[in-house]
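**Q** Dropping the structure in here first, questions after.
The values are calculated or read from the model by the stated rules, or taken from the named source; none is laboratory data. Predicted model, so just to flag it, every value in this text is computed and none were measured. Methodologically, a virtual Cβ is constructed for each residue, glycine included, from the backbone with ideal geometry; neighbour enumeration extends over all protein chains shown. The area values use the complete protein model at the heavy-atom level, side chains included, leaving out ligands, DNA and RNA. Shrake-Rupley method; radii C 1.70, N 1.55, O 1.52, S 1.80 Å.
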Amino acid sequence: MDKNQTFYVTTPIYYATATPHLGTLYSTVLADVAARWHKILGESVFFLTGTDEFGQKVAQAAEKVGKTPQVFVDGFIPGYKDLWKVYEIDYSRFIRTTDAYHIQAIQQWITNLQEKGDIYKGAYEGWYCTPCETYLTEKDFEVGEKNPPCVSCQRPTEWVSEECYFFKLAKYQQALLDFYKNNPNFITPKERMAEVVAFVQSGLQDLSISRTTLSWGVPFPYDSQHVTYVWADALNNYITGVGYGQKDREAEFAAWWPANLQILGKDIIRFHAVYWPAFLMASNLPLPEQLLVHGWIKVGEQKMSKSLGNSIDPLVLSKEYGADAVRYYLIKQLAITQDGQFSTADLEQRITSDLANDVGNLLQRMSVLAEKNGMVEVLPGQWKQEELDLQKKLQETLQLMVYEMDRGYFHMAYSHLWKYINAVNSYFHALEPWKLVKTDKERFATVISATCHSLYAIALLLWPVMPHKMEELLERLGIKSIVFDKNYVQVLENVCWDMRFVIQQGDALFKKPEPSEETMNPFVEEIKKDTSITIDDVIKVDIRVGTIVSCQSVDGSDKLVKSQVDFGDLGMRQIFSGVRPMLTPEMLQGTQAIFVVNLKPRKMMGEESQGMMLIAKNDENCIIPIRPASPVPNGSKLS
Ligand code: ME8
């Protein structure tokens, strides 16, 4: 297989100690969207996900409920597989670290590294965190401190002393630093690279990779009282899953490895950006192209997690809102590089405004109008300037989307698509085909055709995010299925609009949800009752610096200005502010100001405002914008 035409993407393998939640769904949807995006780029795709089933944490959890570890982990697998089905996660392989092929390949890996001298036997003692399965390093505690807290979970650690095997991590310190230097795009977002480099620069110690204190792990070859430390076996799933160490799968391994994209949460960056590349270097294998490290989904101010008991059940969400809408929300509404708050009110708002209004209504209005005027078959139109502008806008959108998808900023890619969707809506509105049909049938047919072409492009580009709904949309245009032997992005970019559509009538593509109380957010009730302000309330308000890239007065209002504001990684936002006549667009354009960015979006003069500019008034009641005293990066958070 031509390496440029293949794409291999992975998710973390999740601990099989509980059912999946919205956080695990998030990583998995990101990987699925990447996989599907590369399918529409005409590439062959392999998508690996699965479960991490060995280790002390699993053994202890099993013991608590009186089950053997194997029976215990088996019980969670249907929960994962069923949920992935509901959410249309189209993985190529679901790896379980208890699979025989994985165990055998890990033993092969150990043997190879022992022969090379990169795994050796020694003794280890130190403060150990059982839940996180890591030892503290010297930097993590004071000399003489008793049971110092774990750096990750803050729980007290225990002193452990044991004979064990080590991996020669320290040997790879310089090679790692060289690799980071030569591959500055290895980690997205780039800012996280600095943390990793600093950690490696501070000095690496050899890594203990075996345990004798438990039996629930991959036994060491020829020394079976040692089992692998869970991360040594877990990280290697990314190679064993595509055939490493398996005689009958050598061609498969050659075809897929190295991975193009590895998705993970920021909690496990050290394992993936330090240990994992070192393991691969020791195995003389190429390193993955890109680690995409996303932030946390939070509920209130806490990370959503199984152990904190504040997780949201994605199955409940899919029943209430539909899996595609939830996928859309996760991709477009959460900025991949930041932590994001989950809120059902916000989800409902996005479904109503982005999906039902912007996409669903456009389809419905166009198809009903076509039907009313006896139009079923739609042929290419007689394109005029308005349609050529739309085509140009689509080409620009595609280029921006390809760029953003490539660097892993999926939310930005889809923000660009939404600008195109808005442009199509404005086009449809401005051309008033319902009037044209009475005066100029040919022009009417052209407007319907341009709208169909645009909806076709929208459906293909949104298909990675909402596969089911977009196939429905394509069907409504008379297109039965997508055949993945074309590079659709190039097709959309280069070919003139020459499609033929057969419009099918149907129900609204997206149902607007009834606004509900946040019943699925366990923290909201608590927040509502408490009227006093605590630091937590203050932290809830996300205030950021942004640059007003463009600004204009709003027709029909003597107060409002409409600004396009650049918030860096958070993307561009459209924000309305009632500041005229004291502040004019000219005074604001090109300046930095301060905005609340997690305010519920609201319609102003028929358009959406996605935030609020902060201002103050002086003694004469004049509006004064608030600005940082000197320029700061866009998107900087006020704290
Ligand atoms: O760490 N927000 O497994 P795990 C966003 N087995 N993502 C979240 C999240 C949240 N609130 N909570 C979890 C492990 N995740 C190891 C991985 S890989 C070789 C071994 C996602 O079940 C996120 O991707 O604790 C995070 O990195 C992962 O689930 C942790 O899953």
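**Q** Of these, A100, A35, which one is within 30 Å of I331 (Cβ to Cβ), at pLDDT 95 or above and in the same structural domain as I239 (by TED's automatic domain parsing)?
**A** A35
**Q** May I pose another question? For the range 531-616, which strands (runs of 3 or more DSSP E) that fit wholly inside it have 3 or more residues that are surrounded by fewer than 17 Cβ atoms within 10 Å (Cβ to Cβ) and of a type in the set (S, T, N, Q)?
**A** 543-553
**Q** To continue, here is another question. Condition test on I119, is it of a type in the set (A, V, I, L, M) and within 20 Å of W276 (Cα to Cα)?
**A** Answer is yes for this residue.
**Q** Among the residues of the range 580-608, how many are without any contact (Cβ under 8 Å) to a residue 40 or more places away in the chain and in contact with a Cys (Cβ under 9 Å, 6 or more places away or on another chain)?
**A** Here the count works out to 4.
**Q** How do the pairs read when you match residues in the range 621-639 that are in contact (Cβ under 8 Å) with a residue 24 or more places away in the chain with residues anywhere that are open to solvent by 90 Å² or more (accessible area, probe 1.4 Å), using Cβ under 7 Å and keeping only pairs 6 or more apart or on different chains?
**A** The qualifying pairs are I623/K617.
**Q** Which is of a type in the set (S, T, N, Q), over 30 Å from the mean Cα position of the chain (by Cα) and surrounded by fewer than 18 Cβ atoms within 10 Å (Cβ to Cβ), of Q154, Q108?
**A** The match here is Q108.
**Q** Answer yes or no: is there a residue in the range 439-454 that is open to solvent by 10 Å² or more (accessible area, probe 1.4 Å), among the small types (G, A, S) and more than 20 Å from L334 (Cα to Cα).
**A** Looking through the range 439-454, at least one residue is open to solvent by 10 Å² or more (accessible area, probe 1.4 Å), among the small types (G, A, S) and more than 20 Å from L334 (Cα to Cα).
**Q** Only residues in the range 493-514 that are more than 30 Å from E320 (Cα to Cα) count as the first member; pair them with residues that are open to solvent by 70 Å² or more (accessible area, probe 1.4 Å) and of a type outside the set (F, W, Y), Cβ under 8 angstrom, at least 6 apart or cross-chain, and list the lot.
**A** These pairs meet every condition: E493/Q395; E493/Q399; R500/E377; R500/L379; F501/E377; V502/V376; V502/E377.
**Q** Would you confirm whether any residue within the range 84-96 is surrounded by fewer than 19 Cβ atoms within 10 Å (Cβ to Cβ), more than 14 Å from the ligand (Cβ to nearest atom) and assigned to a helix (DSSP H, G or I)?
**A** Checked against the condition, which is being surrounded by fewer than 19 Cβ atoms within 10 Å (Cβ to Cβ), more than 14 Å from the ligand (Cβ to nearest atom) and assigned to a helix (DSSP H, G or I), the range 84-96 yields at least one hit.
**Q** Which residue is most open to solvent (accessible area, probe 1.4 Å), if the candidates are limited to the range 50-59 and must be of a type outside the set (S, T, Y) and touching a strand residue (DSSP E or B) at 6+ places or on another chain (Cβ under 9 Å)?
**A** K57
**Q** Then there is this: For the range 418-435, state whether one or more residues are under 21 Å from A35 (Cβ atoms), of a type in the set (A, V, I, L, M, F, W, C) and under 21 Å from the mean Cα position of the chain (by Cα).
**A** no
**Q** Looking at T344, is it buried (at least 18 other Cβ atoms within 10 Å of the Cβ) and modelled with pLDDT under 95?
**A** yes
**Q** Could you list all residues from the range 1-49 that are open to solvent by 20 Å² or more (accessible area, probe 1.4 Å), closer than 16 Å to F94 by Cα and outside any strand (DSSP E or B)?
**A** T19
**Q** Same structure again: Answer yes or no as to whether E43 is within 16 Å of the ligand (Cβ to nearest atom), assigned by TED's automatic domain parsing to the domain that holds T240, acidic (D, E) and touching a residue at least 12 places away in the same chain (Cβ under 8 Å).
**A** No; evaluated as a whole, the condition is false for this residue.
**Q** I'd like the residue in the range 120-150 that is within 16 Å of V230 (Cβ to Cβ) and among the β-branched types (V, I, T) and, out of all such residues, is least open to solvent (accessible area, probe 1.4 Å).
**A** Looking at residues that are within 16 Å of V230 (Cβ to Cβ) and among the β-branched types (V, I, T), I get T130.
**Q** Can you tell me which residue is modelled with the lowest pLDDT among those in the range 277-306 that are of a type outside the set (A, V, I, L, M) and near the ligand (Cβ under 8 Å from one of its atoms)?
**A** Filtering the range 277-306 for residues that are of a type outside the set (A, V, I, L, M) and near the ligand (Cβ under 8 Å from one of its atoms), the one modelled with the lowest pLDDT comes out as K306.
**Q** Given the residues A175, A198, which is the only one that is within 20 Å of I268 (Cα to Cα) and of a type in the set (A, V, I, L, M)?
**A** Going through A175, A198 in turn, the sole match is A198.
**Q** Answer yes or no: is there a residue in the range 204-226 that is within 13 Å of the ligand (Cβ to nearest atom) and either surrounded by fewer than 22 Cβ atoms within 10 Å (Cβ to Cβ) or in a helix (DSSP H, G or I) (or both).
**A** So far as the range 204-226 goes, no, none of its residues is within 13 Å of the ligand (Cβ to nearest atom) and either surrounded by fewer than 22 Cβ atoms within 10 Å (Cβ to Cβ) or in a helix (DSSP H, G or I) (or both).
**Q** I would also like to ask the following. Tally the residues that are modelled with pLDDT under 85, assigned to a loop (DSSP other than H, G, I, E, B) and not acidic (D, E), restricting the search to the range 617-639.
**A** Of the residues in that region, 4 qualify.
**Q** Say whether the condition of being aromatic (F, W, Y), within 26 Å of D358 (Cα to Cα) and in contact with an Asp or Glu (Cβ under 8 Å, 6 or more places away or on another chain) is met by at least one residue in the range 593-615.
**A** no
**Q** Only one residue in A413, A445 is outside the structural domain of M572 (by TED's automatic domain parsing) and more than 20 Å from S609 (Cα to Cα), so which one is that?
**A** Result: A445 is the single residue among A413, A445 that is outside the structural domain of M572 (by TED's automatic domain parsing) and more than 20 Å from S609 (Cα to Cα).
**Q** Here are some conditions: (1) within 28 Å of W463 (Cβ to Cβ); (2) near the ligand (Cβ under 10 Å from one of its atoms). K57 meets all but one. Which one does it not meet?
**A** (1)
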